[in-house]
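Colleague: Have a look at this one before I ask anything.
The values are calculated or read from the model by the stated rules, or taken from the named source; none is laboratory data. Quick caveat, the model's predicted, so the values are computed rather than measured. Reconstructed Cβ throughout: ideal geometry from the backbone, glycine too, with neighbour counts over all protein chains shown. Remember, those area values only see protein heavy atoms, side chains included, never the ligands or the DNA or RNA. Shrake-Rupley method; radii C 1.70, N 1.55, O 1.52, S 1.80 Å.
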Amino acid sequence: MAASPKLPAFDPADPLGVDDLLEPEDLAIRDTVRTWAADRVLPHIADWYERGELPGIRELARELGSIGALGMSLQGHGCAGATAVQYGLACLELEAADSGIRSLVSVQGSLAMYAIHRFGSEEQKQTWLPRMAAGEVIGCFGLTEPDHGSDPANMRTHAKRDAGGDWILNGRKMWITNGSVAGVAVVWAQTEDGIRGFVVPTDSSGFSAPEIKHKWSLRASVTSELVLDDVRLPADAVLPQGAGLRGPLSCLTHARYGIVWGSMGAARSSFEAAVEYAKSREQFGRPIGGFQLTQAKLADMAVELHKGILLAHHLGRRMDAGRLRPEQVSFGKLNNVREAIDICRTARTILGANGISLEYPVMRHATNLESVLTYEGTVEMHQLVLGKALTGLDAFR
Ligand SMILES: Cc1cc2nc3c(=O)[nH]c(=O)nc-3n(C[C@H](O)[C@H](O)[C@H](O)COP(=O)(O)OP(=O)(O)OC[C@H]3O[C@@H](n4cnc5c(N)ncnc54)[C@H](O)[C@@H]3O)c2cc1C
């Protein structure tokens with residue numbers, strides 16, 4: 001009788017053995033990003049969060065550029081040309097530190113750089129992408145307006161051509177990540193030919209980006225209003241490709257894909273904090289992790305965490321194969337952010353009163369995920385996307 005094969009040991013950090021799906025280069029990239037976040041973010045994040053600031057953001061951006069994290073899965077023009085799975089692993093590690101750091105990277109790479117890379121002219125790409133990949137220039141992406149969030153088709157910001165062929169941009173954008181620190185803004189506006197994207201240097205006359213303060217979520221992230229008062233841009237400031245709402249929506253698909261992974265990073269961090277706490281905190285004479293009710297919570301959290309990571313891998317492989325549909329990204333974002341916030345809230349209960357302290361990461365992650373639940377398409381928008389795909393009926397309006 002043949003000897004039964006020796007089973008690998010159960011790994012609490014990877015109970016489903018998902019790491020078996022990774023190549024050595026994937027693991028190396030994950031380690032690089034994890035180490036960077038451990039050195040540069042984790043020692044300071046509670047303080048930054050409490051102050052509601054991301055000090056040294058320009059230096060952080062340059063460091064993120066130096067490890068290849070900006071525009072990571074884009075090809076050429078100084079970008080790292082990583083796979084979608086590798087980009088996802090980076091998002092997970094960054095968001096395990098803080099959603100604000102992952103947001104900085106997502107907006108830079110998946111929104112601003114992606115828009116220029118996919119829809120820009122060769123000259124626009126050469127002007128902006130190498131410096132953005134290096135973190136020398138920070139980008140932002142202006143789609144949302146004060147009165148139009150889920151419904152960007154009705155945006156009011158508009159661009160008109162004057163007699164000389166220049167564009168004149170007017171309007172307001174709201175809740176724009178990186179806005180006040182950006183050197184370049186990709187701004188979406190109504191034109192005679194429908195919605196178009198514009199590459200706006202932020203030192204253009206008439207452009208300003210006041211920072212939005214008093215947020216109770218994503219506190220270690222710069223969020224701004226964009227004010228466009230008669231901003232004059234040359235004729236070639238428009239992104240030549242990507243007319244209509246499909247342009248910004250395809251950028252959002254790319255960024256949402258990163259969130260499918262990133263949200264699991266916030267969940268992992270909270271889960272790990274809960275396990276450690278449950279093993280050391282004693283009540284009624286023994287560790288609270290020894291109580292069945294606590295173990296039920298931990299087991300359910302682990303199941304959702306690792307199902308979510310598996311789902312992210314699956315979507316990453318589809319993206320690498322050029323087979324990822326936007327509806328599948330909606331599926332992933334809807335599930336993983338919803339489960340991540342649930343994991344963080346459950347972790348908070350395991351930590352009891354300590355759960356609300358900034359000494360532990362769980363409340364910070366939970367409040368961050370309130371934003372992640374809303375931006376890049378709310379829960380309801382992704383339900384409607386899936387509902388339409390399932391029934392063929394459009395319930396958006
Ligand atoms: C921290 C942060 C950073 C952000 N960064 C950026 C950025 O960099 N760039 C950018 O362009 N935007 C950004 N946003 C904006 C974000 O994308 C929008 O907040 C989001 O799209 C939702 O828009 P809204 O807040 O106007 O909500 P609304 O669209 O007003 O929605 C309010 C509620 O109504 C629901 N609702 C709306 N329509 C329907 C419907 N048809 N059926 C059922 N329910 C519906 C929504 O799901 C939601 O629950 C950011 C937001 C935050 C909080």
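Colleague: Rounded to the nearest 0.05, what FRET efficiency do Asp151 and Asp230 give with R0 = 25 Å and r taken as the Cβ-Cβ distance? Could you check?
Modeller: Numbers: r = 26 Å, r/R0 = 1.03.
With a Förster radius of 25 Å, E is 0.45.
Colleague: Turning to a different aspect of this structure: Using a 1.4 angstrom probe and counting only protein chains, how large is the accessible area of Trp175 in Å², to 10?
Modeller: Result for Trp175: roughly 140 Å² accessible.
Colleague: In the chain, carbon and sulfur make up what percent of the accessible area (probe 1.4 Å)?
Modeller: Numbers: 9580 of 18000 Å².
It is 53 percent, rounded to a whole number.
Colleague: Using the charge dipole of the chain (Lys, Arg: +1 at Cβ; Asp, Glu: -1 at Cβ; taken about the Cα centre), state which of Ala13, Pro130, Ala84 has its Cα farthest towards the positive end.
Modeller: Ala13
Colleague: Would you kindly compute the Cα radius of gyration of the stretch 1-156 and its largest Cα-Cα separation (Dmax), both in Å?
Modeller: Taking only Cα atoms of the stretch 1-156, I get Rg and Dmax of 19.0, 75 Å.
Colleague: Can you divide the C-alpha Rg of the stretch 78-224 by 2.2 N^0.38 Å and report the result to two decimal places? Show your work: numbers first, answer last.
Modeller: Details: Rg = 15.7 Å, N = 147, 2.2 N^0.38 = 14.7 Å.
Dividing the Cα radius of gyration by 2.2 N^0.38 Å gives 1.07.
Colleague: Continuing with the same structure: With every protein chain kept in the model, how would you rank Ile176, Ile67 by accessible area, 1.4 Å probe, largest at the top?
Modeller: Ile67, Ile176
Colleague: Moving on. Taking the alpha-carbon centroid of each part, what is the distance from the stretch 92-120 to the stretch 1-51 in angstrom?
Modeller: So the separation of the two Cα centres works out to 21 Å.
Colleague: Could you give the alpha-carbon Rg of the stretch 134-213 over 2.2 N^0.38 Å, rounded to two decimals? Walk me through the intermediate numbers first.
Modeller: Working: Rg = 12.7 Å, N = 80, 2.2 N^0.38 = 11.6 Å.
Normalised by 2.2 N^0.38 Å, the Cα Rg of the stretch 134-213 equals 1.09.
Colleague: For the stretch 1-47, what's the radius of gyration and Dmax over Cα atoms, in angstrom?
Modeller: Rg, Dmax (Cα atoms, Å): 16.8, 62.
Colleague: Could I ask something else about it? Taking a 1.4 Å probe, which of Glu192, Glu59, Glu225, Glu93 shows the most accessible area, and what order do the others take after it? Numbers along the way, then the final one.
Modeller: Working: Glu192 180, Glu59 85, Glu225 50, Glu93 5 Å².
Accessible-area ranking of Glu192, Glu59, Glu225, Glu93, largest first: Glu192, Glu59, Glu225, Glu93.
Colleague: So what's Rg/Rh here for the stretch 220-341, counting alpha carbon atoms and using the Kirkwood radius for Rh?
Modeller: Working: Rg = 21.3 Å, Rh = 17.8 Å.
Reported Rg/Rh (Cα atoms, Kirkwood Rh): 1.19.
Colleague: Would you mind working out the accessible area per residue for the stretch 296-374, using a 1.4 Å probe, and quoting it in Å²?
Modeller: Solvent-accessible surface per residue comes out at 44 Å².
Colleague: Just to be sure I understand: with springs between alpha-carbon atoms less than 10 Å apart, which residue in Gly165, Gly332, Gly316 has the highest mean-square fluctuation in the Gaussian network model of the chain?
Modeller: Gly165
Colleague: Find how much the distance from Lys215 to Thr35 grows on full extension, using 0.36 nm per residue of separation minus their present alpha carbon separation; answer in nm with one decimal.
Modeller: Values: separation 180, 0.36 × 180 = 64.80 nm, distance 2.85 nm.
Full extension of this stretch gives 61.9 nm more.
Colleague: Kirkwood Rh over Cα pairs of the chain into Stokes-Einstein at 20 °C, 1.002 mPa s: D in µm²/s? Can you show the working numbers first?
Modeller: Working: Rh = 21.8 Å.
Using the Kirkwood radius from Cα pairs, D works out to 98 µm²/s.
Colleague: Find how much the distance from Phe10 to Asp162 grows on full extension, using 0.36 nm per residue of separation minus their present alpha carbon separation; answer in nm with one decimal.
Modeller: Details: separation 152, 0.36 × 152 = 54.72 nm, distance 6.71 nm.
Between Phe10 and Asp162, full extension yields an extra 48.0 nm.
Colleague: Excluding same-chain pairs closer than 8 in sequence, count the lysine pairs in the chain whose Cα atoms lie under 21 Å apart. Don't jump to the answer; show the numbers that get you there.
Modeller: Numbers: Lys160/Lys173; Lys173/Lys213; Lys173/Lys215; Lys279/Lys297; Lys297/Lys307; Lys307/Lys333; Lys333/Lys388.
Within the chain, the lysine pair count is 7.
Colleague: Which residue fluctuates the most in the chain, going by a Gaussian network model with Cα springs under 10 Å, if the choices are Trp167, Trp216, Trp128?
Modeller: In the Gaussian network model the winner is Trp216.
Colleague: Considering the Cα trace of the stretch 1-84, what is its radius of gyration and what is Dmax, both in angstroms?
Modeller: 18.6, 66
Colleague: Still on this structure, please answer the following. How large is the accessible surface of Ser180 in square angstrom, using a 1.4 angstrom probe and rounding to the nearest 10?
Modeller: 50
Colleague: How large is the charge dipole for the chain, taken about the Cα centre, if only the Cβ atoms of Lys, Arg (+1) and Asp, Glu (-1) carry charge, to the nearest 20 debye?
Modeller: On the way: 40 positive and 47 negative charges, 128 e Å.
Charge dipole of the chain: 620 debye, to the nearest 20.
Colleague: While we're on this one: Report the extension gain between Asn354 and Lys307 in nm, rounded to one decimal, defined as 0.36 nm multiplied by the number of residues separating them, less their alpha carbon distance. Let's see the in-between values first.
Modeller: Numbers: separation 47, 0.36 × 47 = 16.92 nm, distance 2.77 nm.
Between Asn354 and Lys307, full extension yields 14.2 nm more.
Colleague: Anyone know which of Thr177, Thr191, Thr253 comes out most mobile in the 10 Å Cα GNM of the chain?
Modeller: Thr191
Colleague: Take the Cα atoms of the stretch 273-392, build their convex hull, and give its volume per residue in Å³. Numbers along the way, then the final one.
Modeller: Values: hull volume 13.8 nm³, N = 120.
Expressed per residue, the convex hull around the Cα atoms of the stretch 273-392 is 115 Å³.
Colleague: At a probe radius of 1.4 Å, what is the per-residue accessible area of Lys279, in Å² to the nearest 10?
Modeller: For Lys279, the solvent-accessible surface is approximately 130 Å².
Colleague: How would Val222, Val303 rank on accessible area, largest to smallest, probe 1.4 Å?
Modeller: On the way: Val222 10, Val303 75 Å².
Sorted by accessible area, descending: Val303, Val222.
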